[in-house]
Amino acid sequence: MMNSRAASCPADGRAGGDQKSSSSSARPRRLDPSRLAERVSWLLATPLVCILGFFLLLPIAIIVVVSFWNYNEWSFFPDFIFDNYIYHLTSPVTLATYLKTLKFMALTWVFCAAIGFTIAYFLAFHVQTLPMQVALFLLCTIPFWTSNIIRMISWIPFLGRNGIANSTLIQLGVIDAPLEWLLYSDFAVVLAFVHLYALFMVVPIFNTMMRIDKSLIEAARDAGASGVQILFNVILPLSKPGIMIGSIFVVTLVMGDFITVRHMSGGQSASVGRIISNEISLLQYPAAAASSVVLLCTVLLMIGIMMRFVDIRKEL
């Protein structure tokens with residue numbers, strides 16, 4: 001009897017252990033809260049990643065691939081050559097066009113920054129009531145309710161040889177003959193650019209100035225600082241993120257524009273965007289793709305340099 005009980009005890013012990021192990025394996029594991037939050041965040045970001053990947057990264061990848069293809073007078077075909085980049089980077093015409101485009105971009109940025117900062121400063125610090133600020137801000141956006149092309153072409157009858165500007169100046173006795181450089185010139189191109197893209201500088205600067213603590217200005221004024229000192233030592237440094245965001249908008253829009261340069265210069269000036277447009281019209285898609293890649297890298301380099309001066313992530 002004792003031997004049979006002793007023999008049965010280990011078996012019962014093993015059976016109990018097997019039941020405990022099976023019950024513990026059947027019990028669902030609890031995820032770490034940090035891991036669960038990470039998985040949920042990835043799940044929420046997946047739709048946006050798929051949309052950006054399909055509509056942004058995939059087209060850029062296709063352009064990069066096509067830029068290495070070859071072409072002739074009537075078609076283009078897969079290949080792996082660097083001739084498109086070599087011709088684009090070594091052509092004197094391309095270099096002159098880039099310099100011209102950079103000139104347009106620099107002048108447009110200077111005027112847009114001056115106009116945008118002045119308007120934003122007036123709205124943020126001289127208009128006291130919020131309804132009036134909103135009303136004046138909406139007043140600035142009224143011209144942007146129409147198409148860019150319509151607003152650009154509207155300058156042609158104003159700046160023409162027999163336009164409103166020349167007629168008014170002649171009637172006032174300021175000039176004796178119409179000014180030829182008002183239209184179909186670099187002046188007309190820069191003027192149209194400033195008209196089209198000034199609001200892209202006003203909005204981020206105004207948004208940044210509205211976040212400035214007014215007590216800082218009062219403290220500077222109590223310390224004896226003048227209005228100019230407050231402007232350059234308090235307001236301007238705190239407005240740098242908005243200026244950089246507006247600069248990114250203006251730089252990218254001007255560098256990629258080709259319609260404004262074509263119409264406002266009368267075909268006398270060129271831009272990088274117009275080179276790409278001409279290559280597409282001639283069915284030189286690999287050359288146009290290579291030009292687009294170089295332009296994209298140039299703009300990204302300029303944006304990277306601007307972001308080195310200020311951390312704009314605080315504004316995003």
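The number of residues in the range 70-99 being free of Cβ contacts under 8 Å to residues at least 12 places away in the same chain, in a helix (DSSP H, G or I) and in contact with a Leu (Cβ under 9 Å, 6 or more places away or on another chain) comes to 1. When the range 43-79 is filtered for residues that are out of contact with any strand residue (DSSP E or B) (no Cβ under 9 Å at 6 or more places or on another chain), closer than 23 Å to residue 258 by Cβ, open to solvent by less than 90 Å² (accessible area, probe 1.4 Å) and not aliphatic (A, V, I, L, M), the ones remaining, listed by number, are 59, 67.
Residues that are under 29 Å from residue 163 (Cα atoms), out of contact with any Cys (no Cβ under 9 Å at 6 or more places or on another chain), in a helix (DSSP H, G or I) and aliphatic (A, V, I, L, M) within the range 173-216 comprise 182, 188, 189, 190, 191, 192, 196, listed in sequence order.
For the range 186-198, a tally of residues being of a type outside the set (Asp, Glu) and either open to solvent by 30 Å² or more (accessible area, probe 1.4 Å) or at pLDDT below 90 (or both) returns 3. Out of everything in the range 253-268 that is open to solvent by 50 Å² or more (accessible area, probe 1.4 Å) and in contact (Cβ under 8 Å) with a residue 24 or more places away in the chain, what residue ends up being farthest from the chain's Cα centre (by Cα)? Across the range 253-268, the extreme among qualifying residues is 268.
Just give me the residues in the range 100-113 being over 20 Å from residue 276 (Cα atoms), open to solvent by 30 Å² or more (accessible area, probe 1.4 Å) and either touching a Leu at 6+ places or on another chain (Cβ under 9 Å) or not small (Gly, Ala, Ser) (or both), in sequence order. Even if it seems obvious, please write down each step before you answer.
So the first thing to find is which residues in the range 100-113 are over 20 Å from residue 276 (Cα atoms), and the list is 106-113.
Filter once more, keeping what is open to solvent by 30 Å² or more (accessible area, probe 1.4 Å): 106-107, 109-111.
Hits for the range 100-113 are 107, 109, 110, 111.
Collect the residues in the range 158-174 that are surrounded by 14 or more Cβ atoms within 10 Å (Cβ to Cβ), among the aliphatic types (A, V, I, L, M) and under 18 Å from residue 184 (Cβ atoms), keeping them in residue-number order. Result: 159, 165, 169. The selection criterion, being out of contact with any Asp or Glu (no Cβ under 7 Å at 6 or more places or on another chain), open to solvent by less than 80 Å² (accessible area, probe 1.4 Å) and of a type in the set (Phe, Trp, Tyr), does not hold for residue 122. On inspection, residue 197 fails the criterion of being in contact with a Ser or Thr (Cβ under 9 Å, 6 or more places away or on another chain) and farther than 26 Å from residue 117 by Cβ.
Matching residues to (1) crowded, with 19+ Cβ neighbours inside 10 Å; (2) in contact with a Phe, Trp or Tyr (Cβ under 8 Å, 6 or more places away or on another chain); (3) in contact (Cβ under 8 Å) with a residue 60 or more places away in the chain:
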| site | (1), (2), (3) |
| --- | --- |
| 210 | no, no, yes |
| 234 | no, no, no |
| 244 | yes, yes, yes |
| 272 | yes, yes, yes |
| 290 | yes, yes, yes |
| 297 | no, no, no |
| 301 | no, no, no |
| 309 | no, no, yes |
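Do we find that residue 82 is closer than 27 Å to residue 255 by Cβ and open to solvent by less than 60 Å² (accessible area, probe 1.4 Å) in this structure? So residue 82 fails the test.
Could you tell me how many of the residues in the range 132-172 are outside any helix (DSSP H, G or I) and either within 17 Å of residue 200 (Cβ to Cβ) or touching a residue at least 60 places away in the same chain (Cβ under 8 Å) (or both)?
Number of matching residues: 2.
The values are calculated or read from the model by the stated rules, or taken from the named source; none is laboratory data. Note that the structure is a prediction, hence the values are computed from the model and not measured. Positions of Cβ are backbone-derived with ideal geometry, glycine not excepted, and every protein chain shown enters the neighbour counts. Each accessible area value is taken on the protein alone, full model and side chains, heavy atoms only, with ligands, DNA and RNA left out. Shrake-Rupley method; radii C 1.70, N 1.55, O 1.52, S 1.80 Å.
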